[in-house]
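The values are calculated or read from the model by the stated rules, or taken from the named source; none is laboratory data. Everything quoted here is computed from the prediction, not taken from an experiment. Here Cβ is always computed from backbone atoms with ideal geometry, including for glycine, and neighbour counts include all displayed protein chains.
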Amino acid sequence: MSSQASDAFAPIGVFDSGVGGLTVARAIRDQLPSESMIYVGDTARTPYGPRPIAEVRRFALEILDGLVDQGVKMLVIACNTASAAVLRDARERYDVPVVEVIGPTVRSAASITRNQRVGLIGTQGTIQSRAYDDLFAMRPEIALTSAACPQFVELVESGETSGARVHEVAEQYLAPLVAEGIDTLVLGCTHYPFLRGAIRQVVGPDVALVSSDIETANEVFQVLTDRGLLRPTGSGEPELRYEATGPDTAAFVELARRMLGIGIDAVDRLETGAIRLPR
């Protein structure tokens, strides 16, 4: 599929299953304040984690097709489950560059660990895909211990990021990883940085937390620079557009404001319908 706009003035397209990818969007904005951006949250079908990979692939390609049709110059898959499901498809399907969250995060964790024991938490879909395992396999000296944390996304999407219940759930998921002696923990879902306080309380101050937001933003900057696609400074005010597939756009705005400090004037409702893919 060809891009309708690949010049430097076109927006960056960012896609997530819900509000979690706003952490990536904010990190990109912090590094590249001159860039325009379209953010799509598939809030009607979140969470992706428990869904079959084939279904996630169908949903993700539908959203990505729509972003390309809107003329973005780059696609950022700000969802670990979707990255695992469609990364190879996306890079073959689109003419614009595609950045995902898994590769940059693995490279960062591998460079940080001191004792070569790394923990990974993610959705069921991400853990079962073994996408992280495949990349860490290139560093055989690193022992990876993984755990699926399905309730984390539900807590974040409901706006519950602290308190006794959150701490109890975090302790249940993380205790086995702490017992393995990890010194680095990969937050393998863009929702998880919202729970950083509870996670830190359980794993302790000596475990480095690696999340995908800053690492992915670094990758976006590098790719745009290498391809000469950075929007020139002084080109006027960048356009920021937010779209959600779910009907409760007010909840999207409130979560963004309360949890990220992002002031969003409006969220456009994006209608969905599963696309047909060739067999």
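Overview of values
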item	result
Scope the stretch 18-34; condition among the small types (G, A, S), under 21 Å from R51 (Cβ atoms) and touching a strand residue (DSSP E or B) at 6+ places or on another chain (Cβ under 7 Å); matching residues	G18, G21
Residue check, A250 hydrophobic (A, V, I, L, M, F, W, C) and either surrounded by 13 or more Cβ atoms within 10 Å (Cβ to Cβ) or at pLDDT 70 or above (or both)	yes
Selection within the stretch 1-48 - within 12 Å of L75 (Cα to Cα), at pLDDT 90 or above and assigned to a loop (DSSP other than H, G, I, E, B)	A10, P11
Scope the stretch 223-255; condition touching a Lys or Arg at 6+ places or on another chain (Cβ under 9 Å), outside any loop (DSSP other than H, G, I, E, B) and more than 16 Å from F9 (Cα to Cα); matching residues	E243, A244, T249
Residue satisfying all of: in the stretch 78-98; touching a residue at least 60 places away in the same chain (Cβ under 8 Å) and buried (at least 24 other Cβ atoms within 10 Å of the Cβ); farthest from T190 (Cα to Cα) among these	V96
Within the stretch 158-178, tally of residues that are surrounded by fewer than 20 Cβ atoms within 10 Å (Cβ to Cβ) and part of a helix (DSSP H, G or I)	10
Breaking point among (1) within 17 Å of L155 (Cβ to Cβ); (2) surrounded by fewer than 20 Cβ atoms within 10 Å (Cβ to Cβ), for L195	(2)
In the stretch 105-156, the residues that are among the charged types (D, E, K, R) and either outside any helix (DSSP H, G or I) or buried (at least 20 other Cβ atoms within 10 Å of the Cβ) (or both)	R114, R117, R130, R139, E141
